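Just below is one structure, and these are the notes that go with it.
The values are calculated or read from the model by the stated rules, or taken from the named source; none is laboratory data. Keep in mind that this is a model prediction, so the values were computed, not measured. Cβ: placed from backbone, ideal geometry, glycine included. Neighbour counts: every protein chain shown. To get the accessible areas, we keep the full protein, side chains included, count just its heavy atoms, and leave off ligands, DNA and RNA. Shrake-Rupley method; radii C 1.70, N 1.55, O 1.52, S 1.80 Å.
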Amino acid sequence: MNKLHTIPAADGFRMPGEFEPHRGCIMIWPKRPGSWNYGAKKAREAFKRVAWAIAESEEVFMLAEPDVEENAREMLAGNPGHEIHVIRMESDDAWARDVAPTFVVNGEGTVRGIDWEFNAWGGLVDGLYFPWDLDDQVAQKVCEIERVDSYRTEGFVLEGGSIHVDGEGTVLTTEMCLLSEGRNPDMDRGAIERMLCD
(Lines give C-alpha, C1' and ligand atoms only; values in the text may rest on other atoms or scores of the structure.)
Protein backbone atom coordinates (compact mmCIF):
# COMPACT_ATOMS: atom_id res chain seq x y z
CA MET A 1 0.00 0.00 0.00
CA ASN A 2 1.52 3.28 -1.15
CA LYS A 3 0.78 6.92 -0.51
CA LEU A 4 0.84 8.38 -4.00
CA HIS A 5 1.99 11.87 -4.90
CA THR A 6 0.53 11.90 -8.38
CA ILE A 7 -2.95 12.87 -9.57
CA PRO A 8 -5.69 10.26 -10.14
CA ALA A 9 -6.82 11.64 -13.51
CA ALA A 10 -3.23 11.71 -14.80
CA ASP A 11 -2.82 8.10 -13.61
CA GLY A 12 -5.89 7.00 -15.61
CA PHE A 13 -8.30 6.80 -12.68
CA ARG A 14 -11.86 8.08 -12.48
CA MET A 15 -14.37 8.41 -9.69
CA PRO A 16 -17.29 6.05 -10.37
CA GLY A 17 -20.86 7.19 -10.00
CA GLU A 18 -22.38 6.48 -6.61
CA PHE A 19 -24.96 4.21 -8.28
CA GLU A 20 -22.32 1.96 -9.91
CA PRO A 21 -21.72 -1.51 -8.47
CA HIS A 22 -19.37 -1.46 -5.51
CA ARG A 23 -18.14 -3.81 -2.82
CA GLY A 24 -19.66 -2.29 0.27
CA CYS A 25 -20.46 0.54 2.62
CA ILE A 26 -18.38 2.03 5.44
CA MET A 27 -20.12 3.27 8.58
CA ILE A 28 -18.90 4.45 12.01
CA TRP A 29 -20.62 3.38 15.22
CA PRO A 30 -21.97 6.51 17.01
CA LYS A 31 -20.49 7.58 20.33
CA ARG A 32 -19.57 11.29 20.58
CA PRO A 33 -21.67 12.88 23.38
CA GLY A 34 -21.79 16.25 21.61
CA SER A 35 -23.47 14.66 18.61
CA TRP A 36 -25.43 11.76 20.09
CA ASN A 37 -27.55 12.34 23.21
CA TYR A 38 -28.38 9.81 25.92
CA GLY A 39 -25.38 7.58 25.35
CA ALA A 40 -26.21 7.33 21.64
CA LYS A 41 -28.74 4.57 22.41
CA LYS A 42 -31.36 5.67 19.88
CA ALA A 43 -28.68 6.54 17.32
CA ARG A 44 -27.13 3.08 17.66
CA GLU A 45 -30.49 1.42 17.16
CA ALA A 46 -31.00 3.50 13.99
CA PHE A 47 -27.48 2.75 12.74
CA LYS A 48 -28.12 -0.96 13.35
CA ARG A 49 -31.31 -0.88 11.26
CA VAL A 50 -29.56 0.99 8.45
CA ALA A 51 -26.57 -1.39 8.52
CA TRP A 52 -28.85 -4.44 8.45
CA ALA A 53 -30.75 -3.02 5.46
CA ILE A 54 -27.54 -2.26 3.55
CA ALA A 55 -26.12 -5.71 4.38
CA GLU A 56 -28.93 -7.33 2.40
CA SER A 57 -27.24 -6.24 -0.82
CA GLU A 58 -23.59 -5.45 -0.04
CA GLU A 59 -20.90 -5.75 2.61
CA VAL A 60 -20.98 -3.37 5.58
CA PHE A 61 -17.81 -2.31 7.37
CA MET A 62 -18.65 -0.76 10.74
CA LEU A 63 -15.76 1.13 12.32
CA ALA A 64 -15.99 1.25 16.11
CA GLU A 65 -13.81 2.80 18.77
CA PRO A 66 -12.27 0.27 21.18
CA ASP A 67 -14.60 1.16 24.07
CA VAL A 68 -17.75 0.63 21.98
CA GLU A 69 -16.53 -2.17 19.73
CA GLU A 70 -18.19 -4.92 21.79
CA ASN A 71 -21.46 -2.95 21.90
CA ALA A 72 -21.37 -2.69 18.10
CA ARG A 73 -20.69 -6.42 17.72
CA GLU A 74 -23.54 -7.34 20.04
CA MET A 75 -26.08 -5.00 18.47
CA LEU A 76 -25.15 -5.83 14.87
CA ALA A 77 -25.22 -9.60 15.40
CA GLY A 78 -28.32 -11.63 14.61
CA ASN A 79 -28.77 -10.58 10.99
CA PRO A 80 -28.83 -14.08 9.41
CA GLY A 81 -26.77 -14.47 6.26
CA HIS A 82 -25.67 -10.83 6.25
CA GLU A 83 -22.48 -10.45 8.26
CA ILE A 84 -21.41 -6.95 9.21
CA HIS A 85 -17.66 -6.53 9.63
CA VAL A 86 -16.88 -4.61 12.82
CA ILE A 87 -13.43 -3.04 12.65
CA ARG A 88 -11.73 -1.43 15.63
CA MET A 89 -10.74 2.12 14.71
CA GLU A 90 -10.59 5.40 16.58
CA SER A 91 -12.48 8.39 15.24
CA ASP A 92 -13.87 11.66 16.54
CA ASP A 93 -17.48 11.15 15.39
CA ALA A 94 -19.64 8.93 13.19
CA TRP A 95 -19.71 10.62 9.78
CA ALA A 96 -18.07 7.98 7.59
CA ARG A 97 -19.37 9.54 4.35
CA ASP A 98 -17.31 12.64 5.14
CA VAL A 99 -14.15 11.11 6.67
CA ALA A 100 -13.72 7.69 5.04
CA PRO A 101 -11.94 7.47 1.69
CA THR A 102 -13.56 8.09 -1.65
CA PHE A 103 -12.51 5.46 -4.18
CA VAL A 104 -11.40 5.79 -7.78
CA VAL A 105 -10.94 3.06 -10.40
CA ASN A 106 -9.12 2.59 -13.68
CA GLY A 107 -10.06 0.63 -16.79
CA GLU A 108 -8.50 -2.57 -15.43
CA GLY A 109 -10.59 -2.41 -12.25
CA THR A 110 -7.76 -1.35 -9.94
CA VAL A 111 -9.09 0.59 -6.96
CA ARG A 112 -7.32 3.46 -5.18
CA GLY A 113 -8.45 5.63 -2.30
CA ILE A 114 -8.70 9.40 -1.98
CA ASP A 115 -7.71 10.57 1.50
CA TRP A 116 -9.31 14.03 1.59
CA GLU A 117 -8.06 16.40 4.27
CA PHE A 118 -10.80 16.73 6.90
CA ASN A 119 -11.20 19.53 9.47
CA ALA A 120 -14.66 19.00 11.00
CA TRP A 121 -16.48 21.10 8.40
CA GLY A 122 -14.51 24.30 8.87
CA GLY A 123 -11.60 23.92 11.27
CA LEU A 124 -11.12 26.61 13.88
CA VAL A 125 -13.14 29.11 11.80
CA ASP A 126 -16.54 27.43 11.68
CA GLY A 127 -15.93 23.74 12.34
CA LEU A 128 -18.23 21.68 14.55
CA TYR A 129 -15.68 20.23 16.95
CA PHE A 130 -12.03 20.12 17.95
CA PRO A 131 -9.91 18.08 17.79
CA TRP A 132 -10.64 16.28 14.52
CA ASP A 133 -7.29 14.57 14.03
CA LEU A 134 -8.68 11.04 14.53
CA ASP A 135 -11.34 11.64 11.88
CA ASP A 136 -8.67 12.97 9.53
CA GLN A 137 -6.80 9.64 9.87
CA VAL A 138 -9.77 7.37 9.10
CA ALA A 139 -9.38 7.41 5.30
CA GLN A 140 -5.72 6.45 5.39
CA LYS A 141 -6.36 3.67 7.91
CA VAL A 142 -9.18 2.23 5.80
CA CYS A 143 -6.91 2.26 2.74
CA GLU A 144 -4.23 0.44 4.73
CA ILE A 145 -6.71 -2.20 5.93
CA GLU A 146 -8.04 -2.69 2.40
CA ARG A 147 -4.48 -2.67 1.01
CA VAL A 148 -5.16 -0.04 -1.64
CA ASP A 149 -2.84 2.75 -2.71
CA SER A 150 -4.08 6.21 -1.82
CA TYR A 151 -3.80 9.86 -2.73
CA ARG A 152 -3.66 12.45 0.09
CA THR A 153 -5.07 15.89 -0.71
CA GLU A 154 -2.78 17.80 1.65
CA GLY A 155 -3.86 21.43 1.75
CA PHE A 156 -7.26 20.74 0.18
CA VAL A 157 -10.17 20.20 2.56
CA LEU A 158 -13.19 18.29 1.34
CA GLU A 159 -15.76 16.04 2.97
CA GLY A 160 -16.75 13.04 0.87
CA GLY A 161 -20.41 13.88 1.41
CA SER A 162 -19.94 17.34 -0.09
CA ILE A 163 -19.64 16.00 -3.62
CA HIS A 164 -21.77 13.82 -5.90
CA VAL A 165 -20.43 12.31 -9.11
CA ASP A 166 -21.95 10.58 -12.13
CA GLY A 167 -18.90 8.52 -13.12
CA GLU A 168 -18.53 10.40 -16.40
CA GLY A 169 -16.58 13.37 -15.07
CA THR A 170 -19.42 15.48 -13.67
CA VAL A 171 -19.18 16.52 -10.04
CA LEU A 172 -21.78 18.46 -8.09
CA THR A 173 -20.92 20.46 -4.99
CA THR A 174 -21.78 23.81 -3.42
CA GLU A 175 -19.78 27.01 -3.18
CA MET A 176 -20.90 27.34 0.43
CA CYS A 177 -19.08 24.14 1.27
CA LEU A 178 -15.78 24.15 -0.59
CA LEU A 179 -15.33 27.93 -0.74
CA SER A 180 -16.02 28.42 2.96
CA GLU A 181 -13.50 30.43 4.97
CA GLY A 182 -12.78 27.45 7.20
CA ARG A 183 -11.99 24.95 4.45
CA ASN A 184 -9.97 26.30 1.53
CA PRO A 185 -9.47 30.04 2.16
CA ASP A 186 -6.48 30.31 -0.19
CA MET A 187 -8.24 28.78 -3.18
CA ASP A 188 -10.69 30.46 -5.52
CA ARG A 189 -13.47 28.75 -7.43
CA GLY A 190 -11.28 28.04 -10.44
CA ALA A 191 -8.55 26.40 -8.36
CA ILE A 192 -11.11 24.21 -6.60
CA GLU A 193 -12.70 23.21 -9.92
CA ARG A 194 -9.27 22.23 -11.28
CA MET A 195 -8.52 20.16 -8.15
CA LEU A 196 -11.86 18.33 -8.44
CA CYS A 197 -11.29 17.59 -12.14
CA ASP A 198 -7.81 16.21 -11.38
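Pick from 142, 148: which is within 26 Å of residue 22 (Cβ to Cβ), among the β-branched types (Val, Ile, Thr) and assigned to a loop (DSSP other than H, G, I, E, B)? Walk me through how you get there before you give the answer.
Details: 142 fails: assigned to a loop (DSSP other than H, G, I, E, B).
Step by step, each of 142, 148 is checked, and only 148 is within 26 Å of residue 22 (Cβ to Cβ), among the β-branched types (Val, Ile, Thr) and assigned to a loop (DSSP other than H, G, I, E, B).
Of these, 133, 98, which one is within 15 Å of the chain's Cα centre (by Cα), acidic (Asp, Glu) and over 15 Å from residue 26 (Cβ atoms)? It would help to see each step written out before you state the result.
Values: 98 fails: over 15 Å from residue 26 (Cβ atoms).
Of 133, 98, the one residue that is within 15 Å of the chain's Cα centre (by Cα), acidic (Asp, Glu) and over 15 Å from residue 26 (Cβ atoms) is 133.
Quick check on residue 128: is it assigned to a loop (DSSP other than H, G, I, E, B) and open to solvent by 40 Å² or more (accessible area, probe 1.4 Å)?
Details: assigned to a loop (DSSP other than H, G, I, E, B): yes; open to solvent by 40 Å² or more (accessible area, probe 1.4 Å): yes.
Yes; evaluated as a whole, the condition is true for this residue.
Pick out the one residue from 79, 71 that is modelled with pLDDT under 95, surrounded by 12 or more Cβ atoms within 10 Å (Cβ to Cβ) and farther than 30 Å from residue 183 by Cβ. Walk me through how you get there before you give the answer.
Numbers: 71 fails: modelled with pLDDT under 95.
When all the criteria are applied, what remains is 79.
For the range 129-146, does any single residue satisfy the condition of being among the small types (Gly, Ala, Ser) and under 21 Å from residue 10 (Cβ atoms)?
yes
Can you report the number of residues in the range 1-41 which are of a type in the set (A, V, I, L, M), out of contact with any Ser or Thr (no Cβ under 8 Å at 6 or more places or on another chain) and within 14 Å of residue 103 (Cα to Cα)? Break it down stepwise before answering.
Keep residues of the range 1-41 that are of a type in the set (A, V, I, L, M), which gives 1, 4, 7, 9-10, 15, 26-28, 40.
Next cut, out of contact with any Ser or Thr (no Cβ under 8 Å at 6 or more places or on another chain) only: 7, 9-10, 26-27, 40.
After this cut, where a residue has to be within 14 Å of residue 103 (Cα to Cα) as well, the list is 7, 9, 26.
Result for the range 1-41: 3.
Being surrounded by 13 or more Cβ atoms within 10 Å (Cβ to Cβ) and either of a type in the set (Lys, Arg) or under 16 Å from residue 91 (Cα atoms) (or both) is the filter here, so list the residues in the range 13-40 that pass it.
Across the range 13-40, the qualifying residues are 14, 26, 27, 28, 29, 30, 31, 32, 35, 36, 40.
Going through the range 102-116 one residue at a time, which ones are open to solvent by 40 Å² or more (accessible area, probe 1.4 Å) and either hydrophobic (A, V, I, L, M, F, W, C) or in a strand (DSSP E or B) (or both)? If you could, list the steps in order and put the result at the bottom.
Step one: filter the range 102-116 for residues open to solvent by 40 Å² or more (accessible area, probe 1.4 Å), giving 103, 107-112.
Correct list: 103, 111, 112.
Which condition number in (1) at pLDDT 95 or above; (2) outside any helix (DSSP H, G or I); (3) under 22 Å from residue 145 (Cβ atoms) is the one that residue 50 fails?
(2)
Please specify each residue of the range 41-52 satisfying the condition of being over 11 Å from residue 84 (Cα atoms) and either open to solvent by less than 60 Å² (accessible area, probe 1.4 Å) or over 19 Å from the mean Cα position of the chain (by Cα) (or both).
In the first step, residues of the range 41-52 are kept if they are over 11 Å from residue 84 (Cα atoms); the result is 41-47, 49-50.
Passing the criteria: 41, 42, 43, 44, 45, 46, 47, 49.
To keep it simple, each residue is scored yes or no on (1) β-branched (Val, Ile, Thr); (2) free of Cβ contacts under 8 Å to residues at least 60 places away in the same chain; (3) open to solvent by less than 50 Å² (accessible area, probe 1.4 Å).
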residue: 134; (1), (2), (3): no, yes, yes
residue: 137; (1), (2), (3): no, yes, no
residue: 143; (1), (2), (3): no, no, yes
residue: 148; (1), (2), (3): yes, no, yes
residue: 153; (1), (2), (3): yes, yes, yes
residue: 157; (1), (2), (3): yes, yes, yes
residue: 162; (1), (2), (3): no, no, yes
residue: 169; (1), (2), (3): no, no, no
